[in-house]
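*Asks:* The structure is given below, and queries will be raised subsequently.
The values are calculated or read from the model by the stated rules, or taken from the named source; none is laboratory data. Only a predicted model underlies this, so the values are computations on that prediction, with no experimental measurement involved. Here the Cβ positions follow ideal geometry from the backbone for every residue, glycine too, while neighbour counts run over all protein chains shown.
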């Protein structure tokens, strides 16, 4: 993957407040993009996708971003994914999966290359495999209009066929295979001088909270509490299975039950801690068997559901003021029970952890909703803090080894998410497609036809700020 600077300038619209357009930050060195948390019914988060019949699909939450492509601008809505690198649009809805995934797919806008005067087909194609799902794409270049910022001649995929995928994907993860030799979205934004370095912050929320965002080139000091703990990304050569992902060492894990002192579990990952990678496309957190079992044992009455391989628990537990505690150096991320436990449409509540049988532990949305995370690719660091919300104050990320500002969050501990459960109205997030043998891991595409970057399209002026996709949150449940 290219190692040059990058910058992403997107501006998105939150579906829950779609009547207003976001304010676009221009010439600021960053762009703050709302993330749309959308309910939908996806495949069971806790089971291997290739083993899950459609009868086991559950209601979930998908994290989408909205932007426009082409001249004149055409709206698109895609999943934001820290676990894959390439961007593509237009899945084939008739083969998206169960009825709910098809309904989701049909509700999303479609990009038509022939309707764009700046769209150019490169002549190359590829197959991106995501476990049981896959997409065959033709590569195009066209202008991406992300809020008020335009990326000229961005290369991306337009699906000609796909299977078991309900939305396109914007990959913001490190390039996994080493075969993608063209500038990715995050590379192009830096190359075209939109932000200072390849770094972005991610603040996921549930569907009850419209304040989630991804900020390319910036950090919002009023969205976290405490200091940002800097942790080095584990090099691929030292990571489990040699994967080039957002791997870091988790140095402690425990639980704080209501009215009790914190309890620690014994890690099994070695002297430096347990390797885990952070994946916004994973619903649950997958951990080694001993750690997963230890967490489940501390939820009274939790039992294994053999139809899903998930652990069910009394929904009343979600209203308790306990936390699951993930440690990284001097910082501990306290995940409230109401974020760690989720319920399906039948009213069954599930513990937000599963066994990572593939040897690649992952911290997914059940962790990320309680964390504020800055991904610094240029310096190969991850910065983590406890998520909070006490307003907005975005600070630009600079260049060099200290590009991410070492600023203590402006929020106090009382600014963090309330402990009242939102699981009753905020069903679980759906997993993004996975590799064979994985369960809730984000898409890790494998390239069958690496191609070179080609083509250049003329700059086009921004004629619209964003387009609202207003139907996602009303998709019928069920499959």
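Listed here are the residues, each with its yes/no results for (1) in a loop (DSSP other than H, G, I, E, B); (2) more than 19 Å from residue 71 (Cα to Cα).
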{"residue": "91", "(1), (2)": "yes, yes"}
{"residue": "97", "(1), (2)": "yes, yes"}
{"residue": "103", "(1), (2)": "no, yes"}
{"residue": "110", "(1), (2)": "yes, no"}
{"residue": "118", "(1), (2)": "yes, no"}
{"residue": "125", "(1), (2)": "no, yes"}
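*Asks:* Which of the residues belonging to region 238-251 are surrounded by fewer than 13 Cβ atoms within 10 Å (Cβ to Cβ) and either assigned to a loop (DSSP other than H, G, I, E, B) or more than 22 Å from the chain's Cα centre (by Cα) (or both)?
*Replies:* 238
*Asks:* Being assigned by TED's automatic domain parsing to the domain that holds residue 321 and either closer than 29 Å to residue 153 by Cα or in contact with a helix residue (DSSP H, G or I) (Cβ under 6 Å, 6 or more places away or on another chain) (or both): is that true of residue 246 here?
*Replies:* Taking the combined requirement at face value, the residue satisfies it.
*Asks:* Those residues that are assigned to a loop (DSSP other than H, G, I, E, B) and in contact with a helix residue (DSSP H, G or I) (Cβ under 8 Å, 6 or more places away or on another chain), I need them from region 358-397; list them, please.
*Replies:* Passing the criteria: 359, 360, 361, 369, 370, 377, 388, 389, 390.
*Asks:* Among the numbered conditions (1) in contact with a helix residue (DSSP H, G or I) (Cβ under 8 Å, 6 or more places away or on another chain); (2) in contact (Cβ under 8 Å) with a residue 40 or more places away in the chain; (3) over 20 Å from residue 61 (Cβ atoms), tell me where residue 295 comes up short.
*Replies:* (1)
*Asks:* Okay, moving on. Being within 13 Å of the chain's Cα centre (by Cα) and closer than 20 Å to residue 30 by Cβ narrows it down to one of 204, 184, 191, so name that one.
*Replies:* Values: 184 fails: within 13 Å of the chain's Cα centre (by Cα); 191 fails: within 13 Å of the chain's Cα centre (by Cα).
Testing whether each residue is within 13 Å of the chain's Cα centre (by Cα) and closer than 20 Å to residue 30 by Cβ leaves just 204.
Conditions (1) surrounded by 20 or more Cβ atoms within 10 Å (Cβ to Cβ); (2) touching a strand residue (DSSP E or B) at 6+ places or on another chain (Cβ under 7 Å); (3) not assigned by TED's automatic domain parsing to the domain that holds residue 234, marked per residue:
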residue: 312; (1), (2), (3): no, yes, no
residue: 321; (1), (2), (3): no, no, no
residue: 353; (1), (2), (3): yes, yes, no
residue: 366; (1), (2), (3): yes, yes, no
residue: 382; (1), (2), (3): yes, yes, no
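*Asks:* Separate question: Considering only region 194-224, state which residues are touching a helix residue (DSSP H, G or I) at 6+ places or on another chain (Cβ under 6 Å) and closer than 28 Å to residue 412 by Cα.
*Replies:* Selection gives 204, 210.
Here's the yes/no breakdown for (1) surrounded by fewer than 20 Cβ atoms within 10 Å (Cβ to Cβ); (2) touching a residue at least 12 places away in the same chain (Cβ under 8 Å); (3) in the same structural domain as residue 146 (by TED's automatic domain parsing):
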{"site": "236", "(1), (2), (3)": "yes, no, no"}
{"site": "253", "(1), (2), (3)": "no, yes, no"}
{"site": "258", "(1), (2), (3)": "yes, yes, no"}
{"site": "279", "(1), (2), (3)": "no, yes, no"}
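*Asks:* Can you find even one residue in region 190-200 that is buried (at least 24 other Cβ atoms within 10 Å of the Cβ) and assigned to a helix (DSSP H, G or I)?
*Replies:* Looking through region 190-200, at least one residue is buried (at least 24 other Cβ atoms within 10 Å of the Cβ) and assigned to a helix (DSSP H, G or I).
*Asks:* Please go through region 144-153 and give me each residue that is in a strand (DSSP E or B) and surrounded by fewer than 24 Cβ atoms within 10 Å (Cβ to Cβ), ordered by number.
*Replies:* Scanning region 144-153 gives 150, 152, 153.
*Asks:* From the list 100, 47, 19, which residue is modelled with pLDDT of 50 or more and in the same structural domain as residue 148 (by TED's automatic domain parsing)?
*Replies:* After ruling out the rest, the residue left standing is 100.
*Asks:* Go through region 218-228 and report how many residues are buried (at least 19 other Cβ atoms within 10 Å of the Cβ) and assigned to a strand (DSSP E or B).
*Replies:* Of the residues in region 218-228, the ones buried (at least 19 other Cβ atoms within 10 Å of the Cβ) are 218-221, 223-226, 228.
Remaining after also requiring assigned to a strand (DSSP E or B): 218-220, 224-226, 228.
Total meeting the criteria: 7.
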